[in-house]
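Just below is one structure, and these are the notes that go with it.
Please treat every number below as a calculation from the coordinates, not as lab data. What you see is a predicted model; the values in this text were computed from it and never measured. So basically every Cβ, Gly included, is an ideal-geometry build from the backbone, and we count neighbours across all protein chains shown.
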Amino acid sequence: MFPTEIKILEKNFLFLKWDDNTESKISLTDLRRFCPCAICTSESERHHHDYIIVYSEDQTKITSMKVVGNYALSVIWSDGHNTGFYDFNYLRKISSTNR
Ligand SMILES: [Zn+2]
């Protein structure tokens, strides 16, 4: 599964169009919450599942993003966080979980 189009909508959503013509929309807050990098994963494991994470505006704004290695999206957040590589399958999964 590959995206044919990736863009930010209304500064709040990541929009993906897939090669099977389906579309996904993920809010940037959810995208940040599901950051798959080692730092964020261990951070969320430390907390109880009903722990509410509060993000600053910088943490839910994207400075830039690019496709890496044809399998993932690399996102650089406004607070400088840049270790998240979102595998396309993973993006597909978190977008359907939110629906
Ligand atoms: Zn992270």
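Filtering the range 58-67 to residues that are within 16 Å of residue 91 (Cα to Cα) and away from the ligand (no atom under 15 Å from the Cβ) leaves 66, 67. Identify, by number, the condition in (1) buried (at least 17 other Cβ atoms within 10 Å of the Cβ); (2) touching a Lys or Arg at 6+ places or on another chain (Cβ under 6 Å) that residue 74 doesn't meet. The number of the failed condition is (1). For residue 32, the conditions (1) within 11 Å of the ligand (Cβ to nearest atom); (2) assigned to a loop (DSSP other than H, G, I, E, B) are fulfilled apart from (2).
What is the residue count in the range 43-57 for residues that are within 14 Å of the ligand (Cβ to nearest atom), part of a helix (DSSP H, G or I) and not basic (Lys, Arg)?
Going through the range 43-57 one residue at a time, the tally reaches 3.
Checking the structure you have, find out if any residue of the range 76-84 is within 22 Å of residue 2 (Cβ to Cβ), within 13 Å of the ligand (Cβ to nearest atom) and part of a strand (DSSP E or B). The answer is yes; a qualifying residue exists. Among residues of the range 15-41 that are of a type in the set (A, V, I, L, M), those with a beta-carbon under 6 Å from a residue that is in a helix (DSSP H, G or I) at least six positions away or on a different chain give the pairs 26/95; 28/60. Kindly evaluate residue 24 against the criterion of being within 12 Å of the ligand (Cβ to nearest atom) and either farther than 17 Å from residue 80 by Cα or more than 12 Å from the chain's Cα centre (by Cα) (or both). In short, no. Within the range 39-63, the set of residues being loosely packed, with under 10 Cβ neighbours inside 10 Å and not β-branched (Val, Ile, Thr) comprises 42, 45, 46, 48, 49, 50, 51, 56, 57. Would you mind stating whether residue 94 is hydrophobic (A, V, I, L, M, F, W, C) and within 13 Å of the ligand (Cβ to nearest atom)? So residue 94 does not fit the description; no.
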